[in-house]
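**Student:** Take a look at this one; I'll ask things after.
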Amino acid sequence: MNQDTKTLSKVYYSESKPAAYQGAQKIKLVLKGDGNDKIGIHKIRKWLQNQDDYSLQKPVRRRFQRARVVVSEPKEQLDIDLADMQSLNKDNDGIRFLLVAVDLFSRFAWVVPLKDKTGKEVEKALAIILDEVSPKKIRSDAGTEFKNKWITKLLKHKNIYHHITLNEVKANYVERLNKTLKSMIYRYLAKHKSKRYIDALQDLVKSYNATPHRSLNNIAPRDVNTKNAANLWAYMYLRHDKGRKRHHIKSIKKRKKAIQRTLYKYKKNQLVRIAHQRRPFQRVYNEQWSYEVFKIYMRFQIQGFSMFKLVDLQEKNILGMFYTSELQPVNKSEDALWEIEKIIKKRKRNKKVQFLVKWLGYSERFNSWVSGSDVKNL
C-alpha cells in the first residue's frame, strides 16, 4: 500500500473525522485543509472507484436525456402497459387492471378491462385491440404479463414484432397515457361521489381520443390520417432539430474536435457496475449499484447518445443496451479483494487447502475453487 493510498484510507475510513465515507470533492477539501495538495481529484476518484462500499452506495442519476423513439406513420408502433386499478375492483365488477395501448404516431388510445393479469387474459384483451388496429411493432416492458407463450403466439400469428424494453423508463408514451387516464377517472369519481368508473370507461377513452393534443399541433388523435401524417411528422420531429441547428451553428468547428474527445465516457473492456433500477439484484445494504462487475465490449451512438453493450466476467452477453448514466466505472486493481458470500466446500489438492466459494453479489454460475492461502478474514 503506497503512501497516497494510506492517506486516503485514513481520511475516508475514520468515521469521526471530516470527509469520512463522503465523496471526492469533500476528501480533496479536507486534504487541502491539512496542507496536502499532492493528491489530485482524479487520483481520489480512481481510489474511490476501488472501494466497494463507496461505489455501491453512490447516488444513481435517474433523470437524464434519452434517445427518442421515431415513428414515420400511424399504426407503425403501439406501446402497451397495464394500469393498476386493484383498489377499486370491488365497485367495478372485479376489474383489477386496464390493458392500455397507444399509437406512438397518432396518440390514439385503446383500453380493455381485465380481472387479472395472467398471460392468457392479457392475450385475450390484446387480441381485441389487434382486431381494430394492425401495427408493425408493439413495445412493452419485460413483465410476465407480456413476456409469455400466449402473447408470443398471438403476435407471431399477426406478424407483429414485439420489442421488450429493459430500461427504467420503459414504454414511456403509454405510461404517460396511464397517468392521464387515471386522472380523468378519479376526477369523474370525485364529481359523482362514487367508486364505480367501469360504466364510463370507454366514454372517457373516447373523450381522450377526441381531445386536441399538443404534440400533434393541437390535432385530436382521432383526426390523424394519411392526408395530414406528413405534416404532423415534420411538426413532431423537425421543429426541434431546427432549433438545435440555430443554437449550435456558431461553434461547429470547435465542437467537432470536442465531440471526438468526449464521445464516450467509458473505454472498451472497462469494468463497470449497473444502476439498480436497470437490473434487479439482491441487496444487502440497500445498494444503488450492482455488486456484480461487468465489462464493456461494444460502444455505439444512437441519435447522438453514447450507448454500451456489456458482458459479465465470464464473457456472457448482458441483455439490453445501457446509457452512460446507467453505468459506473470500477477500478479493480490486481490486488483488489473480492468478497466471499459463503464457503461451500473444502478440499486438498497437492497437500494444499482449497475452498469452493460463492462470491458476494454473483450467481452460482461464478462459484469457483480458490486457494486457502488467498482467503482472508477482514
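The values are calculated or read from the model by the stated rules, or taken from the named source; none is laboratory data. Bear in mind that the values here come from a model prediction, so they are computed numbers and not experimental data. Ideal geometry is used to build each Cβ from the backbone, glycine not excepted, and the neighbour counts take in all protein chains shown.
**Student:** Based on this model, can you work out whether Ala190 counts as of a type in the set (Gly, Ala, Ser), within 30 Å of Leu238 (Cβ to Cβ) and loosely packed, with under 12 Cβ neighbours inside 10 Å?
**Tutor:** no
**Student:** Could you please give the count of residues in the range 17-43 that are in contact with a Phe, Trp or Tyr (Cβ under 9 Å, 6 or more places away or on another chain) and among the hydrophobic types (A, V, I, L, M, F, W, C)?
**Tutor:** Residues flagged as in contact with a Phe, Trp or Tyr (Cβ under 9 Å, 6 or more places away or on another chain) and among the hydrophobic types (A, V, I, L, M, F, W, C) within the range 17-43 amount to 5.
**Student:** While we're on this one: Filtering the range 296-343 down to residues that are over 30 Å from Thr165 (Cα atoms) and either among the basic types (Lys, Arg) or surrounded by 14 or more Cβ atoms within 10 Å (Cβ to Cβ) (or both), which residue is modelled with the highest pLDDT?
**Tutor:** Lys342
**Student:** Being within 34 Å of the chain's Cα centre (by Cα) and over 11 Å from Gly372 (Cα atoms) is the filter here; which residues of the range 345-359 pass it?
**Tutor:** Within the range 345-359, Lys358, Trp359 meet the criteria.
**Student:** What pairs come up if the first residue lies in the range 308-326 and is aliphatic (A, V, I, L, M), the second is not in a strand (DSSP E or B), and their beta carbons are under 6 Å apart, counting only those six or more places apart or on different chains?
**Tutor:** Leu310/Ile318
**Student:** Test of understanding: among Phe64, Phe108, Phe97, which residue is modelled with pLDDT of 95 or more and among the hydrophobic types (A, V, I, L, M, F, W, C)?
**Tutor:** It is Phe97.
One line per residue, one yes/no per condition, for (1) touching a Pro at 6+ places or on another chain (Cβ under 7 Å); (2) exposed (fewer than 14 other Cβ atoms within 10 Å of the Cβ); (3) within 24 Å of Ile95 (Cβ to Cβ); (4) not basic (Lys, Arg):
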position: His162; (1), (2), (3), (4): no, no, no, yes
position: Leu181; (1), (2), (3), (4): no, no, yes, yes
position: Leu204; (1), (2), (3), (4): no, no, yes, yes
position: Tyr208; (1), (2), (3), (4): no, no, yes, yes
position: His213; (1), (2), (3), (4): yes, no, no, yes
position: Leu216; (1), (2), (3), (4): no, no, no, yes
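**Student:** Please count how many residues of the range 345-359 are touching a Lys or Arg at 6+ places or on another chain (Cβ under 6 Å) and among the hydrophobic types (A, V, I, L, M, F, W, C).
**Tutor:** Number of matching residues: 2.
**Student:** Considering only the range 131-153, how many residues are out of contact with any Ser or Thr (no Cβ under 9 Å at 6 or more places or on another chain) and crowded, with 19+ Cβ neighbours inside 10 Å?
**Tutor:** 2
**Student:** Within the range 335-357, which residues are free of Cβ contacts under 8 Å to residues at least 24 places away in the same chain, assigned to a strand (DSSP E or B) and within 21 Å of Asn50 (Cα to Cα)?
**Tutor:** Matches in the range 335-357: Glu341 only.
**Student:** Starting from the range 6-18, keep only residues that are surrounded by 13 or more Cβ atoms within 10 Å (Cβ to Cβ), then list their pairs with residues that are not in a helix (DSSP H, G or I) whose Cβ atoms are within a distance under 6 Å, requiring at least 6 positions of separation or different chains.
**Tutor:** Val11/Ala19
**Student:** Can you confirm whether the range 322-334 contains a residue that is under 25 Å from the mean Cα position of the chain (by Cα), aliphatic (A, V, I, L, M) and not in a loop (DSSP other than H, G, I, E, B)?
**Tutor:** yes
**Student:** May I pose another question? Could you please tell me which pairs satisfy a Cβ distance under 9 Å, a separation of 6+ or placement on different chains, a first residue in the range 22-50 that is basic (Lys, Arg), and a second residue that is assigned to a loop (DSSP other than H, G, I, E, B)?
**Tutor:** Hits for this filter: Lys26/Pro18; Lys26/Ala19; Lys28/Ala19; Lys28/Ile39; Lys28/Gly40; Arg45/Gly23; Arg45/Asn331; Lys46/Asn331.
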